[in-house]
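Working notes for the structure below.
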Amino acid sequence: MANCRSSYSDPTAQNPSNFASSGMSISFVFITNWDCHNTAVVFSRIKKLKEQFAHFYVVLALPTREQNDSFVRSYFKYGMELGRPTFVPVQDSEMGFEKIIKIAHSRGVCKRQDAISKLKAERRRAVQTMDVFLRVVTSIPLIDNHDANALNQAIGSIEAIAKASKTYILENTDLSAEKAEMIVRFFRDPKLYLSPKIN
């Protein structure tokens, strides 16, 4: 039984170890050697901690078969829910530290990739929105892509362009008087805006 009574990091401590990776908090309890005679205290504390942390891992060193069997029996005895928290059994403390670093790193990479995916999706939406804007504005007679971009930068949305006066368009863009007049007429003359040609 000597192998079952070794030192371990105290899972009954107030707070587990925390890592911050790419804006994500990850918490660990590291049991450096499983105590076969102290399982009730360990699982009681783990049950409390799992409700406090979204990303919570229990890394435990189980170098002997006896310790491994004790852990498995206790896991089911205390009614642990699979994956809440995630238990990571290892052979020794060194391997346990390696696992903690790998988990913290991989969670950070996933978080970063998620942020990159969101940015890419936002960029796609922005490109699609601009594409629609260009298609609508260039359907106005005489207006080309350069004019549409100038209107977008100087005035903004299609709604803002529709409300703009000829004078305002001339003062804020490099469009000619003829084009400014056409834009104003387009949004006020049903014969023009009801029959635009959208490419």
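Computed from the coordinates by the stated procedures, all read-outs in this text should not be read as laboratory data. Being a predicted model, the structure only gives us computed values, none of them experimental. Counting neighbours? That spans all protein chains shown, and the Cβs are built from the backbone with ideal geometry, glycine included.
General remarks:
- Given R0 = 35 Å, the distance between the Cβ atoms of residue 142 and residue 25 translates into a calculated FRET efficiency of 0.05.
- Placing R0 at 35 angstrom, the Cβ-Cβ distance between residue 125 and residue 94 gives a FRET efficiency of 0.15 after rounding to 0.05.
- Segment residue 153-residue 115, length gained on full extension (0.36 nm per residue, minus Cα span): 10.9 nm
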